[in-house]
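Chemist: Okay, here's the structure, questions in a sec.
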Amino acid sequence: MIDDRKDAGELGINTRLTHGGYNPRDYHGFVNPPVVHASTVLFPDAATMDKRAQKYTYGTRGTPTTDALAEAIDELEGSAGTILVPSGLAAVTVPFLGFAKAGDHVLVVDSVYHPTRNFCDTILKRLGVETEYYDPLIGAGISKLMRPNTSIVHTEAPGSNTFEMQDIRAIADAAHAGGAVVMMDNTWATPVYFKPLDFGADISMHAATKYPSGHSDVLFGTVSANARHWDQLREANITLGVCASPDDSYQILRGLRTMGLRLERHQESALALAQWLEGHEDVAKVLHPALPSFEGYDIWKRDFKGASGLFSIVLKESDPEKYKPRAFAFLDALKFFGLGYSWGGYESLAVMPILSDRKIAKAPEGGPVIRLQIGLEDVVDLKRDIEGGLAAARAAG
């Protein structure tokens, strides 16, 4: 851990990423923590077992490997505790199940990650929880939607696929005034570029499948809570029996060590391509929060320390009947951009997102939306690849 060497708050982000969560002196000087595979943990005697009077009692409740990662995340988030779960979606569903009950009303941003919406519209609905979707640009106006039984306000900034920015501080203040727990999916920015708990959120969620992993080979999620909500989050995690494997935990901790450097490259390349595409004749609009022309730029500039490698473009096309043919032509012409879901890995990806589930934050006008994950390839090669895709889309019209 960092704390016994220097106050973590005084250290740079890459130093914290490099050294957080594990002290080599705790295990014979080995730089990386041991991977502890465990279900059963033995007790020295019956009295200790009866009182569970030792740090580790069973595999689902933590091991030295999972603790190392959780402590590293806490140092980044400024949180009281972090649970580790086997997917990004589980990082959303576990806290929802832990803080909502039958008869509750929850507010969820309309630009939310689609699997979160599906969970709310199916499982939560069957459990007697009502979900209401709100405009991502609502800010403090969310107070008008609060009810006596509103238990959760769920945020995500920027929004999935269309990148609407939310004023998290204003929303959190209004939600807390109404007695609700504020949750934020912070997967896009990671705690390197935004720390939700510093802006009033109670719970910070991440699909660590993305940037913490960085190599498109691990499914993982983390959920961090402030001191007021940590015990309830931990209780939900233990009761549901949702836990992450030691091998995956080790790989995420290893990914953290280089995440800061990778994010710098993702940010630099994505912004260069976004700026280039903004002036391209075949592009109607670029949806990137770090562009001054973007509607949410002022909030991004005020609250965020950086931008990651994910943004969208709107291909220029006035006829909705031609949206899919033009988008498919663009996607099929790509050579370096793979066609696949997820993002945050070293490779570039492209997808035409489905936005028909939106109730308020409708799809942008002007043409089909293409989401681009900018990987670690050279920008000149990615630009050439996108140019080929745009030419194919143009020809398809």
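Chemist: Out of the residues in region 26-57 that are part of a loop (DSSP other than H, G, I, E, B) and small (Gly, Ala, Ser), state the one that is nearest to SER249 (Cα to Cα).
Modeler: The residue in question is ALA38.
Chemist: Go through ILE152, ILE123, ILE138, ILE142 for me and flag whichever is hydrophobic (A, V, I, L, M, F, W, C) and under 24 Å from PHE311 (Cα atoms).
Modeler: ILE138
Chemist: Let me ask something else. Go through (1) part of a strand (DSSP E or B); (2) within 14 Å of LEU89 (Cβ to Cβ) for ARG117 and report which single condition fails.
Modeler: (1)
Chemist: Considering every residue within region 244-254, establish whether at least one is in the same structural domain as ILE354 (by TED's automatic domain parsing), touching a helix residue (DSSP H, G or I) at 6+ places or on another chain (Cβ under 7 Å) and either surrounded by fewer than 18 Cβ atoms within 10 Å (Cβ to Cβ) or more than 21 Å from PRO196 (Cα to Cα) (or both).
Modeler: No, that holds for no residue.
Chemist: Pull up region 258-289, narrow it to residues that are of a type outside the set (A, V, I, L, M, F, W, C) and in contact with a His (Cβ under 9 Å, 6 or more places away or on another chain), then point me to the one that is surrounded by the most Cβ atoms within 10 Å (Cβ to Cβ).
Modeler: If we take residues in region 258-289 being of a type outside the set (A, V, I, L, M, F, W, C) and in contact with a His (Cβ under 9 Å, 6 or more places away or on another chain), then GLU278 is surrounded by the most Cβ atoms within 10 Å (Cβ to Cβ).
Chemist: Restricting attention to region 89-103, does a residue exist that is in contact (Cβ under 8 Å) with a residue 40 or more places away in the chain and on the phi > 0 side of the Ramachandran plot?
Modeler: Yes, there is a match, as at least one residue in region 89-103 is in contact (Cβ under 8 Å) with a residue 40 or more places away in the chain and on the phi > 0 side of the Ramachandran plot.
Chemist: Consider VAL112 carefully, then state whether it is farther than 30 Å from LEU263 by Cα, in the same structural domain as PRO136 (by TED's automatic domain parsing), buried (at least 20 other Cβ atoms within 10 Å of the Cβ) and not aromatic (Phe, Trp, Tyr).
Modeler: In short, no.
Chemist: Report yes if ILE168 is β-branched (Val, Ile, Thr) and farther than 15 Å from PHE304 by Cα, otherwise no.
Modeler: It is false that ILE168 is β-branched (Val, Ile, Thr) and farther than 15 Å from PHE304 by Cα.
Chemist: Are any of the residues in region 294-304 assigned by TED's automatic domain parsing to the domain that holds GLN373, within 20 Å of ASP378 (Cα to Cα) and surrounded by fewer than 22 Cβ atoms within 10 Å (Cβ to Cβ)?
Modeler: Among the residues of region 294-304, not one is assigned by TED's automatic domain parsing to the domain that holds GLN373, within 20 Å of ASP378 (Cα to Cα) and surrounded by fewer than 22 Cβ atoms within 10 Å (Cβ to Cβ), which makes the answer no.
Chemist: I'm checking my understanding of the structure. Among residues of region 2-13 that are surrounded by fewer than 16 Cβ atoms within 10 Å (Cβ to Cβ) and either touching a Ser or Thr at 6+ places or on another chain (Cβ under 8 Å) or not in a loop (DSSP other than H, G, I, E, B) (or both), which one is modelled with the lowest pLDDT?
Modeler: GLY9
Chemist: Looking only at residues in region 118-162 that are hydrophobic (A, V, I, L, M, F, W, C) and surrounded by fewer than 17 Cβ atoms within 10 Å (Cβ to Cβ), which one is nearest to TRP300 (Cα to Cα)?
Modeler: ALA140
Chemist: Listed residues GLU347, GLU321; which is acidic (Asp, Glu), surrounded by 15 or more Cβ atoms within 10 Å (Cβ to Cβ) and not assigned by TED's automatic domain parsing to the domain that holds GLN166?
Modeler: Unique residue meeting the criteria: GLU347.
Chemist: Okay, moving on. Does region 65-79 contain at least one residue that is within 17 Å of the chain's Cα centre (by Cα) and polar (S, T, N, Q)?
Modeler: Looking through region 65-79, at least one residue is within 17 Å of the chain's Cα centre (by Cα) and polar (S, T, N, Q).
Chemist: How about region 366-397: which of its residues are of a type in the set (A, V, I, L, M, F, W, C) and without any contact (Cβ under 8 Å) to a residue 12 or more places away in the chain?
Modeler: Selection gives VAL380 alone.
Chemist: Something else: Suppose we keep only residues that are aliphatic (A, V, I, L, M) and part of a loop (DSSP other than H, G, I, E, B) within region 339-397. Which one would you say is farthest from TYR133 (Cα to Cα)?
Modeler: LEU376
Chemist: Looking only at region 270-308, count every residue that is under 20 Å from the mean Cα position of the chain (by Cα) and not aromatic (Phe, Trp, Tyr) and tell me the total.
Modeler: 15
Chemist: Which members of region 75-109 meet the condition of being surrounded by 21 or more Cβ atoms within 10 Å (Cβ to Cβ) and acidic (Asp, Glu)?
Modeler: Of everything in region 75-109, those that are surrounded by 21 or more Cβ atoms within 10 Å (Cβ to Cβ) and acidic (Asp, Glu) turn out to be GLU75, GLU77.
Chemist: Something else now. Scan region 72-93 residue by residue and report those that are charged (D, E, K, R) and under 16 Å from LEU233 (Cα atoms).
Modeler: ASP74, GLU77 - these are the residues of region 72-93 that are charged (D, E, K, R) and under 16 Å from LEU233 (Cα atoms).
Chemist: Follow-up question, since we're still on this one. Return the total of residues in region 56-71 being out of contact with any Leu (no Cβ under 7 Å at 6 or more places or on another chain) and either modelled with pLDDT of 95 or more or of a type outside the set (Lys, Arg) (or both).
Modeler: 11
The values are calculated or read from the model by the stated rules, or taken from the named source; none is laboratory data. Everything numeric in this text was worked out from a predicted model, so none of it was measured. Heads up, the Cβs are rebuilt from the backbone with ideal geometry, glycines too, and the neighbour counts pull from every protein chain shown.
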